[in-house]
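Read the structure below first, then the notes.
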Amino acid sequence: HLICPMSTSPYVDPNKPSQEIWEEFSMGFTPAVREVVDFAKSIPGFRDLPEHDQVGLLKAGTFEVLMVRFASLFNVVERTVTFLSGKRYSLDTLRLLGAGELLHSMCEFSEKLAALGLDSDEMSLFTAVVLVSADRSGIQDLNSVEALQDNLIRSLRNLVMQNHGEDSATTFTKLLLKLPELRSLNNMHSEELLSFKVHP
Ligand code: HEM
């Protein structure tokens, strides 16, 4: 099984060589990863960071950006997950196939993010904040990354304050609290990915 919505289906042909399974899977998620790279380049100031740091933030943060972008694949009301092929699978089916705590945590994350009712500009600015807030181990120019993060957070705050009336302060706080949640989903997901690479 390959229980990741970036796949076309959770079922894999047991007779297929694992290299082929991995190749087909990567054809599915590669365009999404490219879009994250293009998005990063469009963040004002990102391309002024040292190239080494641009790569570092993308390596550490791409999953988190994709998680935010694809949160709507998790439908908590109907208890389904839509895979990149467009096919939907029930949470119960995915559980039976072996999905666990991570699937549950991602559903919860998606539900809470949707509840904040962000519009597309807010979502895009939040995604930029997620990317520049990625793990900084190995980053060379920490000051520039922090300055960029401060600017983006300030813009996000202004936008949320304009749009959310009385709920502005709580909405903004809840958004910032999503950052450590994303980090933890990223860590859990990396473990799934590693163990899949070891025993496909
Ligand atoms: C699990 C790869 C992005 C959601 C997995 C697994 C792999 C994988 C190899 C383990 C599959 C198994 O053992 O059956 C990738 C790669 C990604 C990516 C290479 C980068 C492009 C994402 C994103 C999401 C996601 C963006 C969410 C929107 C999940 C879920 C599981 C999973 C829900 C199953 C968790 C569980 O077993 O509880 N992924 N994934 N993945 N992935 Fe991904």
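With respect to (1) open to solvent by 60 Å² or more (accessible area, probe 1.4 Å); (2) farther than 23 Å from S26 by Cα; (3) in a helix (DSSP H, G or I), the lone exception for R183 is condition (2). Selection within segment 52-69: residues that are among the charged types (D, E, K, R) and crowded, with 18+ Cβ neighbours inside 10 Å. The member of this set that is farthest from M123 (Cα to Cα) is D53.
Please go through segment 60-78 and pick out each residue that is under 12 Å from the mean Cα position of the chain (by Cα) and of a type in the set (V, I, T).
T62, V65, V68
Scanning segment 40-51 for residues that are touching a residue at least 12 places away in the same chain (Cβ under 8 Å) and open to solvent by less than 90 Å² (accessible area, probe 1.4 Å), which turns out farthest from M123 (Cα to Cα)? The extreme case among them is P50.
For S105, the criteria (1) within 16 Å of the ligand (Cβ to nearest atom); (2) part of a loop (DSSP other than H, G, I, E, B); (3) touching a residue at least 60 places away in the same chain (Cβ under 8 Å) hold in every case but one, which is (2). Write out, first by first residue and then by second, each pair whose Cβ atoms fall under 7 Å of each other, whose residues are 6+ apart or on separate chains, and whose first residue, in segment 1-14, is without any contact (Cβ under 8 Å) to a residue 12 or more places away in the chain and among the aliphatic types (A, V, I, L, M) while the second is within 9 Å of the ligand (Cβ to nearest atom) and open to solvent by 30 Å² or more (accessible area, probe 1.4 Å). From residues that are without any contact (Cβ under 8 Å) to a residue 12 or more places away in the chain and among the aliphatic types (A, V, I, L, M), the pairs are V12/H1. If you go through segment 83-117 and keep only what is open to solvent by 30 Å² or more (accessible area, probe 1.4 Å) and closer than 25 Å to V37 by Cβ, you end up with L84, S85, G86.
Residue by residue, here is whether (1) in a helix (DSSP H, G or I); (2) closer than 30 Å to T170 by Cβ; (3) in contact with a His (Cβ under 8 Å, 6 or more places away or on another chain); (4) modelled with pLDDT under 95 holds:
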{"site": "L58", "(1), (2), (3), (4)": "yes, no, no, no"}
{"site": "A99", "(1), (2), (3), (4)": "no, no, no, no"}
{"site": "A128", "(1), (2), (3), (4)": "yes, yes, no, no"}
{"site": "I153", "(1), (2), (3), (4)": "yes, yes, no, no"}
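The values are calculated or read from the model by the stated rules, or taken from the named source; none is laboratory data. Not measured: the values here are computed from a predicted model. Cβ coordinates were reconstructed from backbone atoms using ideal geometry, including for glycine residues, and neighbour counts include every protein chain displayed. Heavy atoms of the whole protein, side chains included, go into the accessibility calculation; ligands, DNA and RNA do not. Shrake-Rupley method; radii C 1.70, N 1.55, O 1.52, S 1.80 Å.
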